[in-house]
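Chemist: Handing you this structure, nothing more for now.
The values are calculated or read from the model by the stated rules, or taken from the named source; none is laboratory data. Quantities reported herein were computed from a predicted structural model and do not represent experimental measurements. We place every Cβ from the backbone using ideal geometry, glycine too, and count neighbours over all the protein chains shown. All accessible areas refer to the heavy atoms of the entire protein, side chains included, with ligands and DNA or RNA removed. Shrake-Rupley method; radii C 1.70, N 1.55, O 1.52, S 1.80 Å.
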Amino acid sequence: MKAKIITSIALAIIAVPNLARAATVCMDVATCLERAASGYCCCANGETQTDIACPSGYTAVGTTCTRADTTGSDETGTYVISYGTCDATVSTTDCYSTRLQSSIGRDENCMCNM
């Protein structure tokens, strides 16, 4: 019984860092500055995030925007509205993370809350 508990604890310790890494969200500089406490700065961390946007009502499938047909009926009968596809708007955003102001070197490009 004791071996099972120790094994379970060891597996939980190994698994938690991987879950935390998977849940990491890219913060843009504005969000980073909003969340940064006094004495902290927002520094580009070298990562980027690709954002894919489609018009309202469309869904991104890769970099193509698609929309399902709409069906309905009125006094003259049943109708189907078919929508075409379009290219999604693709943009890249730099990711920022907070760092203690005292740990930042002079040559680093960071923005700090005062």
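Chemist: Pop a pseudo-label 7 angstrom from the Cα along the beta-carbon direction at both residue 74 and residue 28 and give the gap in nm to one decimal.
Modeler: Distance between the two pseudo-spin positions: 4.0 nm.
Chemist: Under 5 Å between amide H atoms, partner at least 5 residues away or on a different chain: which partners does residue 88 have, H built in plane at 1.01 Å?
Modeler: Those qualifying (amide H under 5 Å, at least 5 residues apart or on another chain) are 64, 65.
Chemist: Ranked highest first by average number of other Cβ atoms within 10 Å, how do 104-110, 54-60, 69-75 line up?
Modeler: On the way: 104-110: 9.6, 54-60: 12.6, 69-75: 8.0.
So the order, starting with the most tightly packed, is 54-60, 104-110, 69-75.
Chemist: If you count only protein heavy atoms with a 1.4 Å probe, what accessible area per residue comes out for the stretch 50-114, rounded to a whole Å²? Before the final figure, lay out each step's value.
Modeler: Working: 4850 Å² over 65 residues.
Accessible area per residue, the stretch 50-114: 75 Å².
Chemist: Provide the gained length on full extension for the span residue 37 to residue 104, in nm with one decimal, where the gain is 0.36 nm per separating residue minus the Cα-Cα distance. Mind showing how you got there, number by number?
Modeler: On the way: separation 67, 0.36 × 67 = 24.12 nm, distance 1.53 nm.
Taking residue 37 through residue 104 to full extension adds about 22.6 nm, to one decimal.
Chemist: I need the phi-derived Karplus couplings for the stretch 50-64: 6.51 cos²θ - 1.76 cosθ + 1.60, θ = phi - 60°, integer Hz, Gly and Pro marked x.
Modeler: Working through the residues one at a time gives 8, 9, 10, 10, 10, x, 4, x, 9, 10, 7, 10, x, 10, 10 Hz.
Chemist: So, in Å, what gap is there between the alpha-carbon centers of the stretch 85-114 and the stretch 26-71?
Modeler: 13 Å
Chemist: Separate question: Which order do 35, 99 take by accessible area at a 1.4 Å probe, largest first? Intermediate values should be presented prior to the final figure.
Modeler: Values: 35 170, 99 70 Å².
If we order 35, 99 from most to least accessible, we get 35, 99.
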